[in-house]
Amino acid sequence: MIRVKEVWKSYNEKKVLKGLNLEIREGETLVILGRSGCGKSVLLRLMMGIEEVDQGSIEIDNVSRQEMGMLFQASALFDSMTVGENTAFYLHHHNRLKKSEKEARVKKALHMVGLEGTEELMPSDLSGGMRKRAALARLIVYHPKILFYDEPTTGLDPITAMHINDLIIQTQKELHATSIVVTHDLCSAFKVADRIALNHEGQILYIVTKEEFIKIEDPIVQTFLKNSIPEIGV
Ligand SMILES: Nc1ncnc2c1ncn2[C@@H]1O[C@H](COP(=O)(O)OP(=O)(O)O)[C@@H](O)[C@H]1O
Ligand SMILES: [Mg+2]
């Protein structure tokens, strides 16, 4: 349902995406792996429609821009708003909802991420992991059909990271959404993925199930796996 066809994207003469092709199925959780700087965040921004491709096309069936949401790498809560106001932020686009319905949705979303009762707190009262979860609540509160996660576990301690992985899976089940997770955290990738795509130098080199991924004998994949293992502490 998302088709990325021969997409090229450069910044200041530097070619980042080089004729990238990718097909994402409705309802799957696709993890995109790749070295830092290979264009993972750029690809997400292009799919979200925040930026335009130089060449090629991105087709998305049956989903409008308002029905897509992204968990950005920096959680980016609004510091002057309470957690409750932050969580309700995107719901204001849904004017048809009554105030009581909005409040109920906010409450449910905060409950889902384990932050029930924090509506009146300010972002500065929260730990890093709690801010990430609040940002996720703000996203799931409006029931997006496509969820993009940019490095959702980077910089978090292992226990919080595990909690975020569980939330990604749980959100997927509750919303029946399509999820695209960009990460270089292999542990997280193998936990949440249905399929794994490897971005190597601006192209998708492989897109396979996680079971198939670890069996690939290509030295590029082997090197990638080997270099990524220290990050999971093995
Ligand atoms: N807005 C921008 N202006 C200039 N260069 C950019 C911009 N966004 C990304 N880049 C460059 O594109 C490359 C890929 O970036 P990015 O997608 O953020 O990598 P990553 O795979 O680590 O997420 C990097 O070399 C980065 O410097
Ligand atoms: Mg990035």
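Can you give the relative contact order of region 75-144 as a percent, counting alpha carbon pairs under 8 Å and 6+ residues apart? Walk me through the numbers on the way to the answer.
On the way: 86 pairs, mean separation 34.3, N = 70.
Answer for region 75-144 is 49 percent.
At a Cα cut-off below 14 Å, give the aspartates and glutamates reachable from Lys18, other chains included and same-chain residues fewer than 8 away excluded.
Candidates past the 8-residue exclusion: Glu6, Asp54, Glu201.
Tell me the net charge near Gly69. Cut-off is 11 Å between Cβ atoms, Gly69 excluded, with +1 for each Lys or Arg and -1 for each Asp or Glu. All intermediate terms of the calculation are to be shown ahead of the outcome.
Working: positive: Arg65, Arg138, Lys145; negative: Glu67.
So the surrounding residues net to +2.
For the chain, what proportion of DSSP beta bridges, expressed in % and rounded to the nearest 5, is antiparallel?
On the way: 19 of 36 bridges.
Close to 55 percent.
Hey, any idea what the orientation-averaged projected area of the convex hull of region 35-170's Cα atoms comes to, in nm²? Provide the component values of the computation, followed by the final result.
Values: hull surface 38.0 nm².
Seen from a random direction, the Cα hull of region 35-170 projects 9.5 nm² on average.
Over 24 Å between Cα atoms: which of Lys14/Lys210; Lys40/Lys145; Lys191/Lys215 fall into that group?
On the way: Lys14/Lys210 31 Å; Lys40/Lys145 20 Å; Lys191/Lys215 17 Å.
Over 24 Å Cα-Cα: Lys14/Lys210.
With r defined as the distance between the Cβ atoms of Glu212 and Lys98 and R0 fixed at 45 Å, what FRET efficiency is calculated, to the nearest 0.05? Working shown, then result.
Values: r = 48 Å, r/R0 = 1.07.
That gives a FRET efficiency of 0.40.
Going out from 0 in 10 Å bins, what whole percent of all Cα-Cα distances in the chain drops into each bin?
Each 10 Å bin holds this share of Cα pairs: 8, 32, 34, 20, 6, 0.
Pull out the extension gain between Phe190 and Met162, defined as 0.36 nm times the separation in residues minus the alpha carbon to alpha carbon distance; nm, one decimal. Show your work: numbers first, answer last.
On the way: separation 28, 0.36 × 28 = 10.08 nm, distance 1.17 nm.
Taking Phe190 through Met162 to full extension adds about 8.9 nm, to one decimal.
Before anything else, pin down the relative contact order of the chain: Cα pairs under 8 Å, at least 6 apart, normalised by residue count, whole percent. Please list the in-between numbers first.
Details: 421 pairs, mean separation 63.2, N = 234.
With pairs under 8 Å counted, the relative contact order is 27 percent.
Top mean-square fluctuation among Arg96, Arg131, Arg65, Gaussian network model of the chain, C-alpha springs under 10 Å?
It is Arg96.
Calculate the length of the line joining the C-alpha centroid of region 27-73 to that of region 206-224, in whole Å.
So the two Cα centres are separated by 22 Å.
When we measure straight from the Cα of Lys99, which lysines land under 16 angstrom away, once same-chain ones fewer than 8 places off are left out?
Lys107, Lys108
GNM, the chain, Cα, under 10 Å: largest mean-square fluctuation among Lys99, Lys173, Lys40?
Lys99
Within the set of other residues whose C-beta is less than 15 Å from the C-beta of Lys5, count the net charge using Lys and Arg as +1 and Asp and Glu as -1. Write down the numbers at each step before the final one.
Numbers: positive: Arg3, Lys9, Lys18; negative: Glu6, Glu23, Glu52, Asp54, Glu59, Asp61.
Summing Lys/Arg as +1 and Asp/Glu as -1 gives -3.
Using the C-alpha atoms of region 75-144, what convex hull volume per residue, in cubic angstrom, is computed? Intermediate values should be presented prior to the final figure.
Numbers: hull volume 5.5 nm³, N = 70.
For region 75-144, the hull spanned by Cα atoms encloses 79 Å³ per residue.
Could you bin all the Cα-Cα distances of region 26-77 into 5 Å bins starting at 0 and give me the percent of pairs in each, rounded to whole numbers?
4, 14, 24, 29, 20, 8, 1
Please name which of Gln170, Leu17, Val208 has its Cα lying farthest along the dipole of the chain towards the positive end, using unit charges on Cβ (Lys, Arg +1; Asp, Glu -1) and the Cα centre as origin.
Of Gln170, Leu17, Val208, it is Gln170.
Computed from the coordinates by the stated procedures, all read-outs in this text should not be read as laboratory data. Model, not experiment: these values are computed from the prediction. So basically every Cβ, Gly included, is an ideal-geometry build from the backbone, and we count neighbours across all protein chains shown.
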